[in-house]
Amino acid sequence: MTCRFVPPYLLSRIAPETLLVDEAHRRRRTALQLEGRALVAVGGPAWVVHTADGDTTLPGAVVRSAGDPATGDVAVDEAANGITGALALFADVYGRASYDGRGARVVLTVHYGRDYDNAFWNGTQLVFGDGDGKVFGRFTAPVDVLGHELTHAVTEHTAGLRYQDQPGALNESVSDVFAACLKQRLLGQSAEEADWLIGEGIFLPGVRARALRDMAHPGTAYDDPALGRDPQVGTLADYVETEDDNGGVHINSGIPNRAFQLAATGIGGTTWDGAGRVWYDALTGGAVRADTDFAGFAAATVAVAGEHADAVRRAWSAVGVPVDTGAGRRVAVRRTGGFAGLRASGEADLDGDDPRASELAALVDRVDVAALSAGDPQPDRYVYEFDLCGSRCRVPEQHLTPDLARIAELLL
């Protein structure tokens, strides 16, 4: 998975050449993976910064490692300072050793390409362009860009949120969440003091833009003749159904972004110790899976929020996302169709005293929702809709796995 900071709908307006570079890079990475030669960062210092020196060959030449003095190259030193702060956030606050939780070395490349208008995590390393000098400046300049991309790596090694539709929008939002935590921690700001802008300073003077995204007010970050108007939405009622941008992951991420900002200010204090800890615990606690949607993620955050549960619940409700307080550990099934058109449904609370809870929990743990075959319903056969602790799927009768069939049997 390659996760980029600037969404494709914006690049298509101002930097189509960047999209071409991105596509070429995607093809090269796919080829390397198929040959089993994808780059893997192991051993050595905590982080290493390389320079591509205007090329697109990765990772490039080593220019600075953890413990080395500043080089005088602004982009190199910004990347070094940023990764030091980002790793410290995850280690000091959440007890996480690097993005994989096992101390993996972080590989970074700066000066990628010519006039390259983006930054990304490609599954093995972080990459930053210098911008085109007209609209965008250096992507190493705002520290939250680096925090955003590193968090994609954290998400990949924890919940593994699929980069499509609502799970993909959550993937993008989680990266903005910890980018905001990083920025505010380095500035020593409380949730109330923060500006909640992501990518502030990425645009050059003369561009009518405050930042790339505004977590507090989605859809207001920019309005410029070249860029167009910020299309982000901030409530579920405005959710955008589209085939572009992996189902609108950068547009719809404004909904959970706004929920997080409301939760952070509702809890009060510092974001990284307040709402940030809630979001981290939800992301890594096992209830959030590859196909978890907004409602499932909301339920997971409420479930781990403890004394802050009411503030978190109110935040999600404010953006129109319903919160079932038991959804993080709730299993449900709804059956429709069949010759007679009869409907049936059932559910169980895995945290209660339901005698079926133990077996259901074991079954749910074995189900890989992302690998299920949806297929088309057959005439006069049933269709099952499952909610497996926040992960939802719709499966025609003929594609039920033995585990799903047993879940349906227990609940119906």
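Before moving on, here are some points about what is shown:
- Residue of 178, 136, 260 that the Gaussian network model of the chain assigns the largest fluctuation, springs spanning Cα pairs under 10 Å: 136
- In terms of its Cα atoms, the range 176-221 spans 29, 19, 17 Å along the principal axes, sorted from long to short.
- Gyration tensor (alpha-carbon) shape descriptor, the range 316-412, a/c threshold 1.5: prolate
- Rounded to the nearest Hz, the phi-derived 3J(HN,Hα) couplings of the range 138-151 under the Karplus curve 6.51 cos²θ - 1.76 cosθ + 1.60 (θ = phi - 60°) are 4, 7, 8, 5, x, 5, 6, 5, 5, x, 4, 5, 5, 5, where x marks glycine and proline.
- Residues whose amide H comes within less than 5 Å of that of residue 213, counting only those at least five positions distant or on another chain, are 198 (H built at 1.01 Å from N in the peptide plane).
- Computed extension length for residue 359-residue 88: 93.5 nm, one decimal, from 0.36 nm per residue of separation with the Cα-Cα distance subtracted.
- Per-residue packing, averaged as other Cβ atoms within 10 Å, sorts the ranges 144-151, 357-364 into the order 144-151, 357-364, beginning with the highest.
- CD proxy at 222 nm, helix term only [per DSSP H run n ≥ 4: -39500 (n - 2.57); per residue of the chain; nearest 500]: -11500 deg cm²/dmol
- Taken one residue at a time, the phi angles of the range 60-70 give Karplus couplings (6.51, -1.76, 1.60, θ = phi - 60°) of x, 8, 5, 10, 6, 10, 3, x, 7, x, 4 Hz. Gly and Pro are set to x.
- Taking the chain and dividing mean pair separation by its residue count, relative contact order in percent (alpha carbons under 8 Å, at least six apart): 11 percent
- Quotient of the Cα radius of gyration of the chain and 2.2 N^0.38 Å, N being its number of residues: 1.02.
- Spacing of the two label points (7 Å from each Cα toward its C-beta) at residue 65 and residue 349, in nm: 5.5 nm
- Förster radius 35 Å - calculated FRET efficiency between residue 243 and residue 114, Cβ distance, rounded to 0.05: 0.70
- Prolate/oblate/rounded label for the range 173-324 (Cα gyration tensor, a/c 1.5): oblate
- Fully extended contour minus Cα-Cα distance, from residue 394 to residue 220, at 0.36 nm per residue: 59.0 nm
- Histogrammed with a bin width of 5 Å, the alpha carbon distances of the range 176-263 distribute as 3, 15, 23, 23, 19, 12, 4, 1 percent, first bin at zero.
- Across the range 289-303, coupling constants 3J(HN,Hα) worked out from phi with the 6.51/-1.76/1.60 Karplus curve, θ = phi - 60°, read 10, 4, 9, 5, 9, 4, 5, x, 5, 4, 4, 5, 5, 4, 5 Hz, and Gly and Pro carry x.
- Annotation: for a label point projected 7 angstrom from Cα along Cα→Cβ of residue 314, residues of the range 267-307 with backbone N closer than 11 Å are 267-268.
- Anisotropy class of the range 280-355 from Cα gyration tensor, a/c 1.5 cut: prolate
Bear in mind that the values in this text are calculations on the coordinates, not laboratory data. Fair warning: this is a prediction, and the values are worked out from it, not measured in the lab. A quick note on method: Cβ atoms are made from the backbone with ideal geometry, for glycine too, and the neighbour counts reach across all protein chains shown.
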